[in-house]
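*Asks:* One structure is given below, represented as structure tokens, and several questions about it will come after.
The values are calculated or read from the model by the stated rules, or taken from the named source; none is laboratory data. Keep in mind that this is a model prediction, so the values were computed, not measured. Backbone-built Cβ (ideal geometry, glycine too); neighbour counts: all protein chains shown. Please note that ligands, DNA and RNA were not included when accessible areas were found on the heavy atoms of the full protein model with its side chains. Shrake-Rupley method; radii C 1.70, N 1.55, O 1.52, S 1.80 Å.
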Amino acid sequence: MTPTSTSTSVDRRTILRATGAAALGTSLAGCSQLTSSGNGADGVVLDPPENHDRIKESDIPHPIYGEEIPEATVPAPLHDRSVTTTEFEGDRHVMLTFVYTSCTTVCPGLTAALRRVQADAHEEGYEDEIAFLPITFDPEYDTPEVLEAYGEDYGVDFEAGNWYFLRPETHGDAKEVVEDTFGVAFEHGEESGDMAHDDESDEMDDEEMNHERHITHTSLILLVNKDGLVERAWTGGSPGGNEIVDAARAVVEGW
């Protein structure tokens, strides 16, 4: 099933430009207020992060604080259905991130950050109030079986019913959803085996699956409230300490 998008797609950004935006976003997300003083955007719980006035004037390709989440429909192979990124509006808050499972740099931290919130949601009794949508941009490698094993390695609780691995079916679909719709730039680098991207090709065989993969990409975690508005947009890697857990709790408790 091909993913669809009903939001206006952002222009394709280069990796260099997106990386610069991410650097600015890091200062935005680093020290943030987790309670509302009434100075926040309409429809959100949390106050604006530091430097929000500066970053909202910049040409940031991804959604930021106070903006609506884009809408895209992507296959969720472990659930035998597709998931629309806005389908939980009115029912659950949402956390999204964008990863590829063979990544050895920032992606493990992004996945672990969502997993920490999932564990806290279970412990604190708000697991029915939040959904987790990690989206892969490497569907050639990240088959349903790989995604399931990856989740198990990170201790994902699939039985909780709130974790959905989303997998665009082709490289082109991933570009449309992850880069064009959500503004998360990525670029495949040189790989052993000289693997080309062919949207019409079948899944990789075992020999191809074992080659080393290099994808340059920006990092983003979005915390979105039940009205579909972004409460936090973390860039530059996983938030430190308990920041992401505290933010999720604050949104749930303040709703």
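*Asks:* Cα gyration tensor of the range 75-170, axes a ≥ b ≥ c as square roots of the eigenvalues: rounded (a/c below 1.5), prolate (a/b > b/c) or oblate?
*Replies:* oblate
*Asks:* Please work out the C-alpha center-to-center distance from the range 150-166 to the range 220-239 and express it in whole Å.
*Replies:* Here the answer is 19 Å between Cα centres.
*Asks:* Can you list the HN-Hα couplings for the range 108-124, worked out from phi with the Karplus curve (6.51, -1.76, 1.60; θ = phi - 60°), rounded to whole Hz and with x for Gly and Pro?
*Replies:* Residue by residue, the range 108-124 yields x, x, 5, 5, 5, 5, 5, 5, 4, 5, 4, 5, 5, 4, 5, 5, 9 Hz.
*Asks:* Using a Förster distance of 45 Å, how high is the FRET efficiency between Glu187 and Phe158, based on the Cβ-Cβ distance and rounded to 0.05?
*Replies:* In this case the efficiency is close to 0.90.
*Asks:* For the residue pair Glu169 and Asp246, what label-to-label distance in nm results when each label sits 7 Å from Cα along the Cα-to-beta-carbon direction?
*Replies:* A separation of 4.5 nm, rounded to one decimal place.
*Asks:* Compute the length gained on full extension between Glu124 and Glu87: take 0.36 nm times their separation in residues and subtract their Cα-Cα distance, giving the result in nm to one decimal.
*Replies:* 10.9 nm
*Asks:* Once amide H atoms are built 1.01 Å from N in the peptide plane, which residues 5 or more positions from Phe98, or in another chain, come under 5 Å H to H?
*Replies:* HN-HN under 5 Å from Phe98: Ile135, Leu220.
*Asks:* Going from most exposed to least, what order do Glu187, Glu123 have by accessible area with a 1.4 Å probe?
*Replies:* Glu123, Glu187
*Asks:* While we're looking at this one, here's another question. With each label point set 7 Å from Cα along the Cα-Cβ vector, what nm distance links Glu148 and Thr216?
*Replies:* Using points 7 Å along Cα→Cβ, the separation is 3.6 nm.
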